[in-house]
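The values are calculated or read from the model by the stated rules, or taken from the named source; none is laboratory data. Being a predicted model, the structure only gives us computed values, none of them experimental. Positions of Cβ are backbone-derived with ideal geometry, glycine not excepted, and every protein chain shown enters the neighbour counts.
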Amino acid sequence: MAGSEKLLLEFDGRPMIKSVIEAASDGGCHQILVVYSSNEVMQAVGSDAELVHNPRAQTGMASSLQVGLRALRSDMEAAMVMLGDQPMVGSRTVSALLRAWRREGSRPAVAVSRGEAGKWAPPVVLARELWDELMTLTGDAGARQVLDHRPELVDTVPSPDRLDDIDTPEDYAKIVKLFPRPNPTRKV
């Protein structure tokens with residue numbers, strides 16, 4: 001399933017990227033960016049978030065992460081990295097991550113616990129002190145490439161939301177079955 005096209009699949013009566021933007025906004029993020037590569041995603045987002053174009057999106061997730069980090073305002077102490085294909089991650093999870101990161105003595109990264117000892121999943125808060133190292137990543141490497149080798153940098157919190165992401169048509173069919181809508185349409 002193509003990356004940017006899946007962000008336009010319907011979830012809760014709108015493109016799934018809109019659910020992610022709403023979760024970030026309602027959860028307390030001060031600056032909301034959407035890194036995009038296709039004009040269709042840009043049009044779907046509209047004025048709901050700041051748009052940052054990644055002309056190298058085909059090179060992998062590292063370039064999108066880096067484009068987003070570079071576009072953040074200089075007063076941002078951390079970045080909440082959310083995936084556009086996780087439409088069921090809601091504002092409660094975003095708020096829990098931000099509260100944990102702001103807590104005195106927190107580690108530079110805070111992610112959602114996957115239940116297994118030390119395992120985590122996005123979304124993840126990444127303190128500015130990690131950004132230089134993240135800027136060295138290439139290809140399809142994301143923050144996991146840095147943090148899995150240095151687990152002492154990561155705090156985890158439980159998620160009150162489902163963390164399902166949409167990577168295949170089967171994943172989307174499962175979500176539609178869990179949360180049926182009358183006549184869901186694919187806008188790809």
### Summary
Quick count over segment 28-66, residues being in a helix (DSSP H, G or I), within 22 Å of Leu97 (Cα to Cα) and in contact with a strand residue (DSSP E or B) (Cβ under 8 Å, 6 or more places away or on another chain), is 2
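State yes or no: is Thr185 at pLDDT 95 or above, over 19 Å from the mean Cα position of the chain (by Cα) and in a loop (DSSP other than H, G, I, E, B)?
On the way: at pLDDT 95 or above: no; over 19 Å from the mean Cα position of the chain (by Cα): yes; in a loop (DSSP other than H, G, I, E, B): yes.
Here the answer is no, as Thr185 does not meet what is asked.
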### Task
Being modelled with pLDDT under 95 and of a type in the set (D, E, K, R) narrows it down to one of Asp12, Asp75, so name that one.
Asp12
### Condition met for Thr136 (free of Cβ contacts under 8 Å to residues at least 60 places away in the same chain and hydroxyl-bearing (Ser, Thr, Tyr))
yes
### Task
Residues being part of a helix (DSSP H, G or I), of a type in the set (A, V, I, L, M) and surrounded by fewer than 20 Cβ atoms within 10 Å (Cβ to Cβ): count how many of those fall in segment 67-80.
2
### Query
Quick one: in segment 100-119, which of the residues that are touching an Asp or Glu at 6+ places or on another chain (Cβ under 9 Å) and outside any loop (DSSP other than H, G, I, E, B) is surrounded by the fewest Cβ atoms within 10 Å (Cβ to Cβ)?
Ala100
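Out of Asp48, Asp12, which single residue is surrounded by fewer than 19 Cβ atoms within 10 Å (Cβ to Cβ) and either within 18 Å of Arg162 (Cβ to Cβ) or polar (S, T, N, Q) (or both)? Can you show your working first?
Values: Asp48 fails: either within 18 Å of Arg162 (Cβ to Cβ) or polar (S, T, N, Q) (or both).
Sole residue among the options that is surrounded by fewer than 19 Cβ atoms within 10 Å (Cβ to Cβ) and either within 18 Å of Arg162 (Cβ to Cβ) or polar (S, T, N, Q) (or both): Asp12.
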### Message
Given the criteria in contact with a Phe, Trp or Tyr (Cβ under 6 Å, 6 or more places away or on another chain) and modelled with pLDDT of 95 or more, does Leu98 qualify?
### Response
no
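Looking at Thr136, is it in a loop (DSSP other than H, G, I, E, B) and not basic (Lys, Arg)? I'd like the intermediate steps shown before the answer.
Values: in a loop (DSSP other than H, G, I, E, B): yes; not basic (Lys, Arg): yes.
For Thr136, the condition - in a loop (DSSP other than H, G, I, E, B) and not basic (Lys, Arg) - is met.
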### Query
Does segment 56-78 include one or more residues that are in contact (Cβ under 8 Å) with a residue 12 or more places away in the chain, among the charged types (D, E, K, R), more than 30 Å from Ala173 (Cα to Cα) and touching a Leu at 6+ places or on another chain (Cβ under 8 Å)?
no
### Summary
Across (1) modelled with pLDDT of 90 or more; (2) closer than 15 Å to Met61 by Cβ; (3) outside any helix (DSSP H, G or I), Thr156 clears everything bar (2)
